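> This is the structure, below, for whatever I ask next.
The values are calculated or read from the model by the stated rules, or taken from the named source; none is laboratory data. Since we're looking at a predicted model, the values are computed, not measured. Using ideal geometry, Cβ is built from the backbone for each residue, glycine included, and neighbour counts are taken over all protein chains shown.
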Amino acid sequence: MTTGFLLISQIVLVVILVIAVLLQKSSSIGLGAYSGSNESVFGAKGPNNFLAKATFTIGFLFVVNTLTLGYMYSQANQASVVDNMIEDTHVVAPATAPAPATTPEAPAAK
């Protein structure tokens, strides 16, 4: 699994999750949704029940994908910036010693 695939699937999951939430029936009963009324998410019959289960499943996949991406990015960034600089200096070091600098000769006195 690469992080590119997970990142693309994260974007797709977000779009699907937003669509699934927007398709659900709006209930204006406020906190009464958790009291066992007929219009609550768990007591609804028909397509609302399917949309609720689909939204939960997509949301769960979204959270798992987010945690996986976070773990993979944290593992990729375990090295310190100083470690990267030390590795770069070994690569950039010249293979041969530089030639000594020459100074122009002074004019001969007559």
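> Check Ala44, Ala54, Ala20 and return the single one that is at pLDDT below 75 and in contact with a helix residue (DSSP H, G or I) (Cβ under 8 Å, 6 or more places away or on another chain).
Selected residue: Ala44, the only one of Ala44, Ala54, Ala20 that is at pLDDT below 75 and in contact with a helix residue (DSSP H, G or I) (Cβ under 8 Å, 6 or more places away or on another chain).
> Could we say that Thr3 is surrounded by 10 or more Cβ atoms within 10 Å (Cβ to Cβ) and modelled with pLDDT under 90 here?
yes
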